[in-house]
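Have a look at the structure below, then the notes.
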Amino acid sequence: FGTTTQTADADLIAETASSVDGKWTSNHRLQGIAYLYVRFQYNADVFPNGIPVVSATISGKKVYDPRTATTVFSDNPALCIRDYLTSDYGFAQPSSRISDTQVITAANICDELVSGNKRYTCDGSFVTSFAPNQVLSDLLTSMGGLLWYSQGKWRMKAAKYVTPTVTLNESDLRSGIVT
C-alpha cells in the first residue's frame, strides 16, 4: 500500500534470488510507493487467450483537508495543490506557510455541484522527474486557479464568477470622456 514502514516483498526477493541481473533484495522496500506484483504460471487451459490484462483501481494519495482536519483520498484540486506544496517531492513547504482559509474557500468552490457533478476535480498523475513548477501549473488548470505567495503564505483561488459589488459611472473617471 505504500506505507513508510513497509518491508521488501518476500515473494519477489525469493523469485529473483537466483537471477544474476536485477536481483530484488531486502533493501528494495518501496517505502511510500504503492505497487502491484503479479506472477503468472503458463497454463494453456487457464489462459487460452494469452496473458491476461491486469488493471487496478487507484485512489491516489491521501491528502490533508483543513475543513475537517483529516487526511483522506480526495480528487479536490485545492487539497491536491495544498498537498503538493507541502510534500517533499513538491515544494516541501511547512503547513504554517499555507493559507488554509483560502484553501478551504477554494476547496468548497471545487466541491460545489454543477449539473449534479463537482465543479472541479483533479484526476490525473505526474512523475516526479517533472519540474515542480510544471506540476503545480498543471494542477492549477484542474480548477482554473491562481496561486501566489504573499506575506509569508501560499494563497490560492479557484475560478468562479463573483457578482460585482461596485458600479462605476462617469463620476468615478479622472476626467471627462474625450471623443
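Six or more apart or on different chains, Cβ atoms under 6 Å: show the pairs whose first residue is in segment 125-148 and under 17 Å from residue 60 (Cβ atoms) and at pLDDT below 90 and whose second is open to solvent by less than 30 Å² (accessible area, probe 1.4 Å) and in a helix (DSSP H, G or I).
126/135
Among the residues of segment 94-110, write down those that are open to solvent by less than 50 Å² (accessible area, probe 1.4 Å) and either among the charged types (D, E, K, R) or in a helix (DSSP H, G or I) (or both).
Answer for segment 94-110, where residues must be open to solvent by less than 50 Å² (accessible area, probe 1.4 Å) and either among the charged types (D, E, K, R) or in a helix (DSSP H, G or I) (or both): 100, 103, 106, 107, 109, 110.
Is there a residue in segment 59-71 that is part of a loop (DSSP other than H, G, I, E, B), surrounded by 10 or more Cβ atoms within 10 Å (Cβ to Cβ) and among the acidic types (Asp, Glu)?
No, segment 59-71 has no match at all.
Given the criteria of a type in the set (Lys, Arg) and within 25 Å of residue 125 (Cβ to Cβ), does residue 97 qualify?
So residue 97 does not fit the description; no.
Looking at segment 121-132 only, could you name the residues that are open to solvent by less than 80 Å² (accessible area, probe 1.4 Å) and either in a loop (DSSP other than H, G, I, E, B) or polar (S, T, N, Q) (or both)?
Selection gives 121, 122, 124, 126, 127, 131.
From the residues in segment 133-148 that are of a type outside the set (A, V, I, L, M, F, W, C) and open to solvent by 50 Å² or more (accessible area, probe 1.4 Å), which one is nearest to the chain's Cα centre (by Cα)?
So, considering only residues that are of a type outside the set (A, V, I, L, M, F, W, C) and open to solvent by 50 Å² or more (accessible area, probe 1.4 Å), the one nearest to the chain's Cα centre (by Cα) is 138.
Only one of (1) touching a helix residue (DSSP H, G or I) at 6+ places or on another chain (Cβ under 6 Å); (2) modelled with pLDDT of 85 or more; (3) charged (D, E, K, R); (4) farther than 16 Å from residue 140 by Cα is not met by residue 45, so which one is it?
(1)
Among what's in segment 11-50 and is of a type in the set (Gly, Ala, Ser) and surrounded by 10 or more Cβ atoms within 10 Å (Cβ to Cβ), pick the residue that is farthest from residue 61 (Cα to Cα).
Taking the candidates together, the pick is 17.
Just checking, does segment 164-179 include any residue being more than 14 Å from the chain's Cα centre (by Cα) and closer than 30 Å to residue 93 by Cα?
No; the residues of segment 164-179 include none that is more than 14 Å from the chain's Cα centre (by Cα) and closer than 30 Å to residue 93 by Cα.
Listed here are the residues, each with its yes/no results for (1) within 30 Å of the chain's Cα centre (by Cα); (2) assigned to a loop (DSSP other than H, G, I, E, B).
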| residue | (1), (2) |
| --- | --- |
| 5 | yes, yes |
| 13 | no, no |
| 31 | yes, yes |
| 41 | no, yes |
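The values are calculated or read from the model by the stated rules, or taken from the named source; none is laboratory data. Keep in mind it's a predicted model, so treat the numbers as computed, not measured. FYI the Cβ positions are ideal-geometry reconstructions off the backbone, even for glycines, and counts take in every protein chain you see. All accessible areas refer to the heavy atoms of the entire protein, side chains included, with ligands and DNA or RNA removed. Shrake-Rupley method; radii C 1.70, N 1.55, O 1.52, S 1.80 Å.
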